[in-house]
There are 2 protein chains.
Amino acid sequence: MNETPAGRPTLETVARAAGASRATVSRVVNGSTTVRADIAESIRRAIAELGYVPNPAARSLVTQRTDSIALILPESATRVFSDDAFFPGVIRGVGEALEKADKQLVLLLASTQASHDRILRYVHGRTVDGVVLASMHGADTLPEELRAAGVPVVTSGRPLGEATVPFIDVEHASGVEAAMKHLVGLGRRRIATIAGPQDMVAGRERLAGYLTGLRAVPGAVPLVEEGDFMRQSGTDAMERLLQRDPGIDAVFAASDLMADGALRTLRRLGRRVPDDVAVIGFDDVEAARFTDPPLTTVHQPIHEIGTRLAEQILRLVAGEEVEASVVLPTRLVIRESA
Amino acid sequence: MNETPAGRPTLETVARAAGASRATVSRVVNGSTTVRADIAESIRRAIAELGYVPNPAARSLVTQRTDSIALILPESATRVFSDDAFFPGVIRGVGEALEKADKQLVLLLASTQASHDRILRYVHGRTVDGVVLASMHGADTLPEELRAAGVPVVTSGRPLGEATVPFIDVEHASGVEAAMKHLVGLGRRRIATIAGPQDMVAGRERLAGYLTGLRAVPGAVPLVEEGDFMRQSGTDAMERLLQRDPGIDAVFAASDLMADGALRTLRRLGRRVPDDVAVIGFDDVEAARFTDPPLTTVHQPIHEIGTRLAEQILRLVAGEEVEASVVLPTRLVIRESA
DNA sequence: TGCCACCGAGAGAGCGCTCTCACGAGTCGC
DNA sequence: GCGACTCGTGAGAGCGCTCTCTCGGTGGCA
């Protein structure tokens with residue numbers, strides 16, 4: 001009578017309590033339909049009474065699944081968060097979609113080289129079934145290394161260089177072109193841009209959109225200053241721009257945060273927006289509706305990027321095929337700054 | 001000669017390759033010092049050659065540890081993120097500190113009742129060694145349920161009601177009182193507040209600080225409108241406030257986002273800040289430096305909250321004792337809005 | 001030289017689960 | 001009425017690891 005179930009109940013405990021075998025209890029737990037109703041019922045009762053919860057480690061050991069997905073943010077940690085709305089939005093989208101599929105989200109913050117290695121170890125250990133990779137800088141080797149490790153991967157944003165894994169992205173260039181068209185239609189002729197980092201595809205493509213859009217202005221010369229997508233860099237870049245050409249009558253900033261920063265510089269230097277200088281941003285974060293004046297911006301479906309990422313990785317994990325890329329539309333949202 | 005190591009190498013594979021036993025390989029992997037140097041060396045070489053990575057599920061199964069910590073955000077998912085800087089900052093702080101300890105961060109987004117149950121299951125399953133709980137609303141039952149489940153827990157923000165688990169919080173009231181003192185010192189007499197949700201301790205204590213601070217103004221009557229910490233609610237609350245008393249000469253908003261929203265209403269209605277109405281916020285998010293005018297606000301050490309949370313949970317998980325509460329200081333940052 | 005203590009290495013059990021396979025009981029057809 | 005079949009259940013192996021226990025070998029000391 002050494003019946004001390006001391007610790008947490010196991011399948012065995014439940015089986016004994018319900019007078020069934022471990023295998024049958026396992027069947028009930030996993031929703032098999034081939035168990036006689038009354039037996040299933042008494043097992044379920046035993047489970048409830050004992051407060052049995054399956055041990056995921058034991059389960060993973062045999063199934064080779066973990067039911068969790070890693071979201072890797074390889075951005076330099078200091079700039080990922082702060083109050084940028086892009087990543088939080090993506091996290092939320094991914095999280096919600098995974099929750100529906102009853103998968104777990106594991107967040108890996110990859111700032112340093114050490115964490116790069118840690119992540120590889122983590123993924124090699126198969127602690128996750130798949131990986132969602134957000135926003136790489138430059139020719140990041142991570143996607144390729146992960147693919148080589150045989151783990152399903154999907155990335156947010158087309159990688160720089162050749163894409164070896166499926167990705168979700170948005171129509172950067174065409175969105176920016178719409179913004180440029182709007183500025184030109186407003187009669188603006190000396191249009192500058194605050195570009196994003198040129199080691200990121202989002203930065204490059206938005207700049208490309210600016211350059212393409214500028215062709216509609218006969219004789220216009222590109223006027224470019226680079227920022228890092230954050231507010232402060234927008235403030236600084238706007239200053240440099242105005243120094244280079246005080247006659248600027250419009251600015252396209254590659255992010256709302258930089259546009260907000262630019263607004264600040266314009267205000268400080270006594271330029272009226274949009275009268276003297278029209279400003280357009282990119283992202284359409286919540287804050288864009290609260291700037292002074294409210295920001296005209298290129299909207300991108302941040303939340304949907306997250307849900308689509310989750311959707312793709314779930315399909316890959318399930319062994320299904322997915323499109324090599326999904327490119328979501330952007331659209332110009334006209335408020336008062338342009 | 002059935003030597004097909006087909007899949008991932010296991011301890012066994014490494015042991016055979018190095019001509020040692022599984023136990024000895026395990027010793028090397030786990031850094032035991034009792035292994036003869038030359039054997040250890042050849043084992044390490046075999047590990048490198050085979051690309052061996054320990055299977056964490058198998059390890060957890062026997063050690064009963066998982067080396068990962070859950071961060072639960074039980075806020076309604078729609079409001080947790082957006083572009084509020086508080087949670088991202090906390091996530092970053094927790095993540096960095098855990099990374100140093102070589103622990104993994106698992107993010108659980110708890111929006112619905114369903115996810116509440118899912119979280120309990122998850123934690124009961126011991127998929128994590130400990131739990132960090134951020135920002136509960138009302139008398140959330142989660143901390144108590146987790147404690148009852150025997151899992152180490154630490155929460156961010158004093159819980160409403162009796163605290164049954166250790167928590168990290170900041171000096172809400174005294175920070176607000178400093179802000180009020182500043183306003184009074186500026187000669188403001190009709191000071192209103194945009195309070196946070198009153199089912200959150202942060203909301204309540206900041207309101208309490210306002211009420212205490214207002215006592216310094218003879219005959220002053222409290223003027224309170226409630227928001228939800230987000231921008232839009234600040235815009236709306238400011239409108240109601242002005243309707244109730246057009247002569248308001250100062251406003252304390254319980255969050256920077258609400259203060260920013262309030263700024264917008266004031267601008268729209270032609271009130272100059274700070275000349276007509278002084279505005280003070282709470283949080284000191286990055287955006288506070290970029291509002292028009294730059295926001296005077298109560299600074300709270302968001303990043304440190306995160307690192308302290310991580311520190312405490314790590315100690316709990318290690319079986320050490322921790323203080324029942326840690327309360328971090330806040331301080332008034334004076335910019336131009338007041 | 002012989003005995004004992006000590007240290008490093010291996011054998012083996014077992015963590016909690018899933019899943020294959022075999023088996024017994026019931027059902028059907030000829 | 002007997003074999004063939006189906007269906008539900010149990011036995012048992014094994015996932016990859018850790019850790020205790022045991023054992024063989026070496027050195028110190030009498």
Report summary line: Contact list, first residue from the stretch B:160-177 and aliphatic (A, V, I, L, M), second anywhere and assigned to a strand (DSSP E or B) and open to solvent by 40 Å² or more (accessible area, probe 1.4 Å), beta-carbon distance below 9 Å, six or more apart or interchain, is B:A163/B:S325; B:I168/B:S325; B:I168/B:V327; B:V170/B:V327
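Tell me, which helices (runs of 4 or more DSSP H) wholly within the stretch A:108-209 include 3 or more residues that are away from every other protein chain (no Cβ under 14 Å)?
Values: elements: A:113-124, A:142-148, A:172-185.
Fully inside the stretch A:108-209 and qualifying: A:142-148, A:172-185.
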Query raised in the report: Looking only at the stretch B:16-35, which residues are small (G, A, S) and within 12 Å of DNA strand D (Cβ to nearest atom)?
Result: B:A20, B:S21, B:A23, B:S26, B:G31, B:S32
**Report entry** Among (1) crowded, with 24+ Cβ neighbours inside 10 Å; (2) within 13 Å of another protein chain (Cβ to nearest Cβ); (3) touching a residue at least 60 places away in the same chain (Cβ under 8 Å) - the single one A:M238 does not satisfy
**Finding:** (3)
Query raised in the report: Say we look at the stretch B:29-52 and pick out the residues that are buried (at least 19 other Cβ atoms within 10 Å of the Cβ) and either at pLDDT 90 or above or closer than 26 Å to A:A148 by Cα (or both); which of these is nearest to DNA strand C (Cβ to nearest atom)?
Result: B:I43
Report task. Hey, could you check the stretch A:61-76 for residues that are more than 14 Å from A:Y122 (Cα to Cα) and open to solvent by less than 20 Å² (accessible area, probe 1.4 Å) and say which is nearest to DNA strand D (Cβ to nearest atom)? Result -> A:L73
Report task. Report whether or not B:A202 is of a type in the set (G, A, S), under 24 Å from B:V94 (Cα atoms) and out of contact with any Asp or Glu (no Cβ under 6 Å at 6 or more places or on another chain). Result -> yes
Report summary line: Output for Cβ contacts, cut-off 9 Å, separation at least six or different chains, first residue free of Cβ contacts under 8 Å to residues at least 60 places away in the same chain in the stretch B:14-30, second within 12 Å of DNA strand D (Cβ to nearest atom) and of a type in the set (K, R), reads B:V14/B:R22; B:A15/B:R22
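Within the stretch B:304-338, count every residue that is part of a strand (DSSP E or B) and out of contact with any Ser or Thr (no Cβ under 6 Å at 6 or more places or on another chain).
Start the filter on the stretch B:304-338 by keeping residues that are part of a strand (DSSP E or B), which leaves B:325-328, B:331-333.
With the extra rule that they be out of contact with any Ser or Thr (no Cβ under 6 Å at 6 or more places or on another chain), the set shrinks to B:325-328, B:331-332.
Number satisfying all stated conditions: 6.
Determine, yes or no, whether A:P143 is at pLDDT below 95 and within 21 Å of A:V327 (Cα to Cα). Don't jump to the end; show me each part of the working.
Details: at pLDDT below 95: yes; within 21 Å of A:V327 (Cα to Cα): yes.
Yes; evaluated as a whole, the condition is true for this residue.
The values are calculated or read from the model by the stated rules, or taken from the named source; none is laboratory data. If you're wondering where the values come from, they're calculated on a predicted model, not measured in any experiment. Neighbour counts are summed over all protein chains in view; Cβ atoms, including those assigned to glycine, are modelled from backbone coordinates with ideal geometry. What goes into the accessible areas is simple: the full protein's heavy atoms, side chains included, and nothing from ligands, DNA or RNA. Shrake-Rupley method; radii C 1.70, N 1.55, O 1.52, S 1.80 Å.
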